[in-house]
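Asks: Structure incoming, see below.
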2 protein chains.
Amino acid sequence: MTDVTVEDFGSSLALTTAQGTRRFHAIWLRDNASDPETRAPGNNQRLIALRDIPADTRIAHADVSGNTLSVTFVPEDKTVAFDLAWLDAHAYDRDHSQPRGWVGPEIEPWDSGLMDRVPTGDFAALSQENAALQDWLGQVTRYGFGKVVNGPVEEGALFKIVDLFGHVRETNYGRLFEVRTEVNPTNLAFTGLGLQAHTDNPYRDPVPTVQVLYCLESSAAGGENMVVDGFAAARRLRKENPAYFDVLADHCARFEYAGEAGVCLTSRRPMIELAPDGELIGVRFNNRSLAAVTDVPFDKMATYYAAYRRLGEIIDDEAMEVTFRLNPGEAFVVDNTRVLHARKGYSGSGTRWLQGCYADMDGLRSTHDALRREMPEAAE
Amino acid sequence: MTDVTVEDFGSSLALTTAQGTRRFHAIWLRDNASDPETRAPGNNQRLIALRDIPADTRIAHADVSGNTLSVTFVPEDKTVAFDLAWLDAHAYDRDHSQPRGWVGPEIEPWDSGLMDRVPTGDFAALSQENAALQDWLGQVTRYGFGKVVNGPVEEGALFKIVDLFGHVRETNYGRLFEVRTEVNPTNLAFTGLGLQAHTDNPYRDPVPTVQVLYCLESSAAGGENMVVDGFAAARRLRKENPAYFDVLADHCARFEYAGEAGVCLTSRRPMIELAPDGELIGVRFNNRSLAAVTDVPFDKMATYYAAYRRLGEIIDDEAMEVTFRLNPGEAFVVDNTRVLHARKGYSGSGTRWLQGCYADMDGLRSTHDALRREMPEAAE
């Protein structure tokens, strides 16, 4: 059943296994060799550059035995063993077509149906049990947000949340920022207003990829936190009207914040950000800091504004939102490249005190993946 | 000479000034109004969302007087004044076509010709004089790197460089990392090897956008620092072979670092990163951490590898590189989204001790732009 054939004068091979036939190029195989002269046994970093591999590298011989493909490269006359499972997992001889706005299997778009199962971790368990932390970080990766409960009610406790997975990203707002609201009848008209769901700091490039908000006081009624999956909103927009999705993905918006001395932050990035192959990788949505959009041609600007309006309507749709209340000692973590957040209006008097900070999503994913690597039983 | 005409039943207007005729849409004008009900006078943040502006907004009346365009919007029946110079600066009714790989006027690609005028700032001047700091930050923005001389020779001095423009970005490597090399004849074969020019940490997403390297000891001969403009290299690749440029821009590479306990950093991003309209916004190049590339179809993989090889050859071309020596108390700052850096080989024995850290380019640009705003004579 397993078979290998050298093709095209040694520039590639065709490997047939139970998974089917996959072709691999000589140069790709040679560059991805895992022998100790090519990759450092300790940290797996590649020890050679492509310039160290002859441009005319060809396969002189290949055979399969058990779970191993053995390949001899010329002119180096070097024989390298490849694990068949590794080759199968890294096969690129496949259909790469995907619809614009695709997301990987580790991402699950959601709407208000997620309300009953908000990803929630217990502070003590997250701090002490790797399995609990790995599970919660996995949910934050999958859904783009997560709540923590039963944490300490003390200033700076939000840093203990960040310590679980990474490092604070300090900005001009400091290592942390205070969100204090005094809600009373005389200013209820103002503080009672909710804030439209938004992503934070789109005027930074890159944006802060994680935001942590930690509750220390909450005696006013109302003021619930609300989150919306920007990926789900963008994908719903595409389903309703592909031209709307495309015009927001194909043109850069501009964002700006220059509201304090010494700060003049500007960015030029699309509201819907795609990888070159159409993967949905980011959403920026923030009416307060949107600057004049000047990178859309005149004949597309009306469509651009109609699309921006419709995306806002989808974001405002209650069917898209998950709400939850933060009580003192509770926090939430949000993937700021994907999930929008907002505060609902207040309906009574009292105080509300949150502390917020930024951190990095790649560090969070790294911690999750490293925990998973160390717990093979959970690795599937 | 100045004239305005309402067009298309009030959905747009055509403004004629000495700069020519530019059209603007009613909805764009209304959204970008700067009256105190639309934008907060203090910090200029927009106070309303698009949902607060009627979808059927039309221009009922427009006229020009002096340097002001006055527009009355219905159904709001709201009249707003626009500054003609602001409108000219933000006009979008223009030709938007640009070649792939374009860069803005604030960016100047360079090659070895920059060697005689390496952007250099004096530590005391940068610390004390806004004009010196503004000039140096402007050069770092323009060229993607800059040197600092005459700084203190003390541990942690690199943080004083970061304090000039922003904040340290802490990672799993800590707030700072040590680069110590003992060069002696017995290990010369290893330490004497140069490192191919690379960008740092492409396995992060986002990558650290600024790297600072600060020299505390340097008694070994050789070991010069070398920088290459990744934007210039990518643009040269495009000039030589547009298909090579395209294949690296249109497909994601993968990068990985999982070489220590608790760390499993992975990213999926192209080596040449473009904005949706083809603006060159990032280069990732690092043979050590490149993982198996699996997002390129089989029929393009040979071209992909040929393009990757040619980009590496361009990067290795001495005609592209600028070298300089860092002596104790000297540092360099590099835009890690654009400029590659490397260390040359050593030719004698001794020690070399650098401290490095990461920071953010958007904060650096913000500090520069804020200084420029505060010094109008230098604003052009």
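Asks: Of all residues in the range B:102-125, count the ones that are without any contact (Cβ under 8 Å) to a residue 40 or more places away in the chain, in a helix (DSSP H, G or I) and closer than 27 Å to B:Val283 by Cβ.
Replies: Counting residues in the range B:102-125 that are without any contact (Cβ under 8 Å) to a residue 40 or more places away in the chain, in a helix (DSSP H, G or I) and closer than 27 Å to B:Val283 by Cβ gives 3.
Asks: Could you check A:Phe298 against (1) more than 26 Å from the chain's Cα centre (by Cα); (2) more than 7 Å from chain B (Cβ to nearest Cβ) and say which number it fails?
Replies: Every condition holds for A:Phe298 apart from (2).
Asks: Could you tell me which numbered condition A:Phe9 fails, if it satisfies all but one of (1) loosely packed, with under 13 Cβ neighbours inside 10 Å; (2) free of Cβ contacts under 8 Å to residues at least 24 places away in the same chain?
Replies: All conditions pass for A:Phe9, except number (2).
Asks: Something else about it: Which one of these is within 12 Å of chain B (Cβ to nearest Cβ), at positive phi and at pLDDT 95 or above: A:Gly312, A:Gly329, A:Gly278?
Replies: Unique residue meeting the criteria: A:Gly278.
Asks: For A:Arg254, only one of the following conditions fails: (1) open to solvent by 30 Å² or more (accessible area, probe 1.4 Å); (2) under 27 Å from A:Glu224 (Cβ atoms); (3) assigned to a strand (DSSP E or B). What is its number?
Replies: With respect to (1) open to solvent by 30 Å² or more (accessible area, probe 1.4 Å); (2) under 27 Å from A:Glu224 (Cβ atoms); (3) assigned to a strand (DSSP E or B), A:Arg254 is out only on (2).
Asks: Report whether or not A:Ala302 is touching a Cys at 6+ places or on another chain (Cβ under 7 Å), modelled with pLDDT of 95 or more and aliphatic (A, V, I, L, M).
Replies: Spelling it out, it is not the case that A:Ala302 is touching a Cys at 6+ places or on another chain (Cβ under 7 Å), modelled with pLDDT of 95 or more and aliphatic (A, V, I, L, M).
Asks: If I filter the range A:130-146 for residues that are buried (at least 22 other Cβ atoms within 10 Å of the Cβ), in contact with a Cys (Cβ under 8 Å, 6 or more places away or on another chain) and more than 12 Å from chain B (Cβ to nearest Cβ), do I get at least one hit?
Replies: no
Asks: Hey, another quick one. Against the conditions (1) more than 7 Å from every other protein chain (Cβ to nearest Cβ); (2) closer than 16 Å to B:Leu195 by Cα, where does B:Asp335 fall short? Just the number, please.
Replies: Condition (2) is where B:Asp335 drops out.
Asks: Shifting gears a bit: Quick one: in the range B:257-267, of everything that is assigned to a strand (DSSP E or B) and in contact (Cβ under 8 Å) with a residue 60 or more places away in the chain, which residue is farthest from A:His251 (Cα to Cα)?
Replies: Result: B:Leu265.
Asks: Tell me which residues, restricted to the range B:32-53, are open to solvent by less than 50 Å² (accessible area, probe 1.4 Å), in contact with a helix residue (DSSP H, G or I) (Cβ under 6 Å, 6 or more places away or on another chain) and facing chain A (nearest Cβ under 8 Å).
Replies: B:Leu50
Asks: Would you kindly identify the strands (runs of 3 or more DSSP E) lying entirely within the range A:1-99 that contain at least 1 residues that are closer than 30 Å to B:Gly262 by Cβ? Give the derivation first.
Replies: Values: elements: A:3-7, A:12-17, A:20-25, A:58-65, A:68-74, A:78-83.
It comes to A:78-83.
Asks: Any residue in the range B:87-100 that is within 14 Å of chain A (Cβ to nearest Cβ), under 18 Å from the mean Cα position of the chain (by Cα) and open to solvent by 30 Å² or more (accessible area, probe 1.4 Å)?
Replies: yes
Asks: Could we say that A:Ala261 is at pLDDT 95 or above, over 21 Å from the mean Cα position of the chain (by Cα) and either within 13 Å of another protein chain (Cβ to nearest Cβ) or over 22 Å from B:Arg269 (Cα atoms) (or both) here? If you could, list the steps in order and put the result at the bottom.
Replies: Values: at pLDDT 95 or above: no; over 21 Å from the mean Cα position of the chain (by Cα): yes; either within 13 Å of another protein chain (Cβ to nearest Cβ) or over 22 Å from B:Arg269 (Cα atoms) (or both): yes.
No; evaluated as a whole, the condition is false for this residue.
Asks: Against the conditions (1) away from chain B (no Cβ under 14 Å); (2) open to solvent by less than 10 Å² (accessible area, probe 1.4 Å), where does A:Ala249 fall short? Just the number, please.
Replies: (1)
Asks: Tell me the residue from A:Val339, A:Val293 that is within 20 Å of A:Phe177 (Cβ to Cβ) and at pLDDT 95 or above, please.
Replies: From the options A:Val339, A:Val293, the qualifying one is A:Val339.
Asks: Now a separate question. Would you be able to say whether some residue in the range A:181-204 is within 22 Å of A:Val263 (Cβ to Cβ), more than 14 Å from chain B (Cβ to nearest Cβ) and modelled with pLDDT under 90?
Replies: No; the residues of the range A:181-204 include none that is within 22 Å of A:Val263 (Cβ to Cβ), more than 14 Å from chain B (Cβ to nearest Cβ) and modelled with pLDDT under 90.
Asks: Name the single residue, out of those in the range B:315-326 being more than 10 Å from every other protein chain (Cβ to nearest Cβ) and either crowded, with 18+ Cβ neighbours inside 10 Å or of a type in the set (S, T, N, Q) (or both), that is farthest from B:Ala253 (Cα to Cα).
Replies: Applying the filter and picking the extreme gives B:Leu326.
Asks: Return the pairs, sorted by first residue and then second, in which the second residue is surrounded by 21 or more Cβ atoms within 10 Å (Cβ to Cβ) and modelled with pLDDT under 95, the first residue lies in the range A:207-221 and is farther than 30 Å from A:Arg269 by Cβ and among the basic types (Lys, Arg), the beta carbons are less than 9 Å apart, and the residues are 6+ apart or on different chains.
Replies: Listed pairs, sorted by first residue: none to list.
The values are calculated or read from the model by the stated rules, or taken from the named source; none is laboratory data. Because the structure is predicted, anything quoted here is derived from the model rather than measured. When we count neighbours, we look across all protein chains shown, and the Cβ atoms used for this are built from the backbone with ideal geometry, even at glycine. In case anyone asks, the SASA skips ligands and DNA or RNA and just uses the protein heavy atoms, side chains included. Shrake-Rupley method; radii C 1.70, N 1.55, O 1.52, S 1.80 Å.
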